[in-house]
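Input: a single structure, listed below in structure tokens.
The values are calculated or read from the model by the stated rules, or taken from the named source; none is laboratory data. Quick caveat, the model's predicted, so the values are computed rather than measured. Here the Cβ positions follow ideal geometry from the backbone for every residue, glycine too, while neighbour counts run over all protein chains shown. Each accessible area value is taken on the protein alone, full model and side chains, heavy atoms only, with ligands, DNA and RNA left out. Shrake-Rupley method; radii C 1.70, N 1.55, O 1.52, S 1.80 Å.
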Amino acid sequence: MRLQAAGVTLAYGDRVVVDGLDLGIEPGTVTTIIGPNGCGKSTLLRALGRLLKPTGGEVLLDGKRIDRVPTREVAKILGMLPQSPSAPEGLTVADLVARGRHPHQTWYRQWSSDDESAVSEALAMTGLLDLAERPLDELSGGQRQRAWISMALAQGTDLLLLDEPTTFLDLAHQVEVLELVRRLHSDTARTIVMVLHDLNLAARYADRLVAMRAGRIVASGDPHEVLTEELLLHVFDLAAKVIPDPVAGTPLVVPIGVRHAAPSVT
């Protein structure tokens with residue numbers, strides 16, 4: 001396993017969000033975590049990215065406890081794009097992407113030709129070479145997300161964690177970003193873990209879905225195995241039909257209605 005949560009419990013203060021969870025990420029796969037708001041998806045991703053320390057259990061990176069691996073070494077292996085990242089006003093695309101090289105620099109090794117090549121390659125992979133000198137705040141939403149992904153790529157990691165990379169994007173830009181993610185996977189065999197809200201896009205672009213509810217994993221596997229009408233009702237309280245996507249052949253969720261709890265009798 002490239003990345004593993006073993007009996008992980010996660011909490012904010014006294015509030016437990018994830019309780020005794022086990023999850024293994026196979027190398028060279030795209031894994032997407034789905035579930036209703038507040039189920040612990042992003043909290044789990046933060047723990048996998050060493051941004052949140054478990055109160056129980058452990059996270060393993062290539063078989064080693066991630067909290068015992070030096071921060072700089074983790075950053076050379078694992079790149080993470082959080083929700084709604086922010087950058088200083090006026091920062092150019094090239095400057096942002098160059099920040100991804102920080103783990104490779106020390107007081108005795110400053111900017112080098114290797115760093116320059118890594119930044120140029122990351123920009124080329126995301127189609128942003130022509131926009132390298134543009135301020136980040138002048139870009140469209142989709143272009144900005146590609147710039148942030150470029151920064152993660154410039155780290156030189158082969159393991160990427162993306163927390164809701166399509167948030168606040170229109171449908172065309174969502175597809176643009178996810179096509180990029182899928183291309184990165186197919187071209188470079190990177191291992192990618194994402195959190196997504198759109199079930200149909202998750203099914204189309206993931207090799208494996210992990211469905212969560214109330215801090216626990218309810219189902220995990222191929223999208224055809226996970227996205228069933230029974231699971232949608234159980235996990236999302238959503239009555240729906242699941243049919244084949246006419247383009248990709250993946251499961252396509254057609255909502256019917258939301259199941260509401262029966263009113264209490266007084």
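Some notes on this structure:
- Cα-based convex hull, the range 25-66, per residue volume (Å³, whole number): 84
- For the chain, calculated [θ]222 nm from helices alone, where every DSSP H run of n ≥ 4 adds -39500 (n - 2.57): -9000 deg cm²/dmol
- A 1.4 Å probe run over the protein chains yields, for the range 133-262, 45 Å² of accessible area per residue, whole-number rounding.
- Remark on the range 3-104: Rg and Dmax equal 15.2, 44 Å (Cα only).
- Contact order normalised by residue count of the chain, Cα under 8 Å, 6+ apart, percent: 23
- GNM top mover of Ile149, Ile66, Ile33 - the chain, alpha-carbon springs below 10 Å: Ile66
- GNM result for the chain, Cα springs below 10 Å: residue of Asp19, Asp245, Asp67 fluctuating most strongly: Asp245
- Percent of C-alpha pairs per 10 Å bin, the range 138-188, short to long: 25, 59, 17
- Efficiency of FRET from Cβ geometry, Asp62 and Gln110, R₀ 35 Å, rounded to 0.05: 0.80
- Options Leu44, Leu227, Met194, ranked by Cα towards positive dipole end of the chain, top entry (Cβ charges): Leu44
- Extent along principal axes [Cα atoms of the range 176-226; Å; largest to smallest]: 34, 20, 19
- Cα Rg over Rh - the chain, Kirkwood: 0.99
- Cα convex hull volume per residue for the range 126-266 (Å³): 155
- The share of accessible area on the chain that comes from carbon and sulfur is 52 percent, using a 1.4 angstrom probe.
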